[in-house]
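Enquirer: Okay, here's the structure, questions in a sec.
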Ligand code: RIB
């Protein structure tokens, strides 16, 4: 059986991760425990998740002409992701994320770098890859104008589109109308509802909302369907949402139902929080199915 084709238009960041017992207070200097650099970025994390879960994944994005850029491309390549559509720019640096992980949660500051240069002309140059996809996935770590354009191309060509609205920003009509699913977490959903008072009333059936240890939910005919998740021994929640999205898309791209896709994605995300790092922690299909059968 041929693998479903998933194209991710998104961000690549080098994650500069510090672990500490707690977050510092404003003005406080705190001694941390460990510092690590790990390949990340919501787009790249979702690409690794979908690739490990059996999809033929193509990535469209940009990095800087620097050591981080080279490492991020090589890392995606080693996961079997098609990196032919990642462009290397001389004039900007690769995106980075400063992440502080403590036993309960994490904080992230992203400096977009080359991700801010994923412009509409990049989509035009790599349009063929989009048109060959079963499902296209994007997030909001690249310019909104580009996400809007991706949505337009998908809409015009009847290609399924999953938009992970992270970090939350006001969406355009093209994005709302042309996306098959919109996958915020609970906080992002609140932010979106504030930005678009009518959004949840008019388009609620497109929303799959993740709510951490509670799992996720969606709405059918005005009824909320809760899909609970499994218990996990939490080590690091960084990238759990990305794992959910990559896994969700991998099942949707195989033609599975919304309910099946949510169960599968919950199980995958519950595994991802049990390991340190984002891409590092993405599970394989066998591991997810084993957890679901437990
Ligand atoms: O969702 C986690 C990701 O958010 C990190 O890998 C970091 O790069 C930021 O993009």
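Enquirer: Return the residue satisfying two criteria in turn: it lies in segment 99-127 and is within 16 Å of the ligand (Cβ to nearest atom) and assigned to a loop (DSSP other than H, G, I, E, B), and of such residues it is nearest to residue 241 (Cα to Cα).
Expert: This residue is 105.
Enquirer: Tell me, which helices (runs of 4 or more DSSP H) lie completely within segment 191-294 with 2 or more residues that are under 16 Å from the mean Cα position of the chain (by Cα), surrounded by 22 or more Cβ atoms within 10 Å (Cβ to Cβ) and within 16 Å of the ligand (Cβ to nearest atom)?
Expert: 240-253, 258-272
Enquirer: So, residue 87, is that one away from the ligand (no atom under 16 Å from the Cβ), in contact with a strand residue (DSSP E or B) (Cβ under 8 Å, 6 or more places away or on another chain) and over 15 Å from residue 143 (Cα atoms) or not?
Expert: Yes, satisfied.
Enquirer: Can you name the residue in segment 165-190 that is away from the ligand (no atom under 16 Å from the Cβ) and either at pLDDT below 95 or more than 20 Å from residue 258 (Cβ to Cβ) (or both) and is also surrounded by the most Cβ atoms within 10 Å (Cβ to Cβ) among such residues?
Expert: Looking at residues that are away from the ligand (no atom under 16 Å from the Cβ) and either at pLDDT below 95 or more than 20 Å from residue 258 (Cβ to Cβ) (or both), I get 171.
Enquirer: State which residue pairs qualify: first residue under 13 Å from residue 16 (Cα atoms) and inside segment 109-121, second residue at pLDDT 95 or above and surrounded by fewer than 20 Cβ atoms within 10 Å (Cβ to Cβ) in any location, beta carbons under 6 Å apart, and separation of 6 or more residues or different chains.
Expert: Listed pairs, sorted by first residue: 109/98.
Enquirer: Restricting attention to segment 74-98, which residues are free of Cβ contacts under 8 Å to residues at least 60 places away in the same chain, buried (at least 16 other Cβ atoms within 10 Å of the Cβ), within 18 Å of the chain's Cα centre (by Cα) and not in a loop (DSSP other than H, G, I, E, B)?
Expert: Within segment 74-98, 82 is the sole residue that qualifies.
Enquirer: Is at least one residue of segment 33-50 within 24 Å of residue 234 (Cβ to Cβ), free of Cβ contacts under 8 Å to residues at least 60 places away in the same chain, in a loop (DSSP other than H, G, I, E, B) and more than 13 Å from the ligand (Cβ to nearest atom)?
Expert: yes
Enquirer: Exactly one condition in (1) away from the ligand (no atom under 15 Å from the Cβ); (2) part of a loop (DSSP other than H, G, I, E, B) is false for residue 142; which is it?
Expert: Residue 142 satisfies every listed condition except (1).
Enquirer: Counting only residues that are in a loop (DSSP other than H, G, I, E, B) and under 12 Å from residue 9 (Cβ atoms), how many does segment 145-159 have?
Expert: Going through segment 145-159 one residue at a time, the tally reaches 1.
Enquirer: All but one of (1) surrounded by fewer than 22 Cβ atoms within 10 Å (Cβ to Cβ); (2) outside any strand (DSSP E or B); (3) within 15 Å of the ligand (Cβ to nearest atom) hold for residue 28, so report the exception by its number.
Expert: Of the numbered conditions (1) surrounded by fewer than 22 Cβ atoms within 10 Å (Cβ to Cβ); (2) outside any strand (DSSP E or B); (3) within 15 Å of the ligand (Cβ to nearest atom), the odd one out for residue 28 is (3).
The values are calculated or read from the model by the stated rules, or taken from the named source; none is laboratory data. Treat the numbers as computed from the prediction; the structure is a model and nothing was measured. Virtual Cβ from ideal backbone geometry, glycine too; neighbours counted across all protein chains shown.
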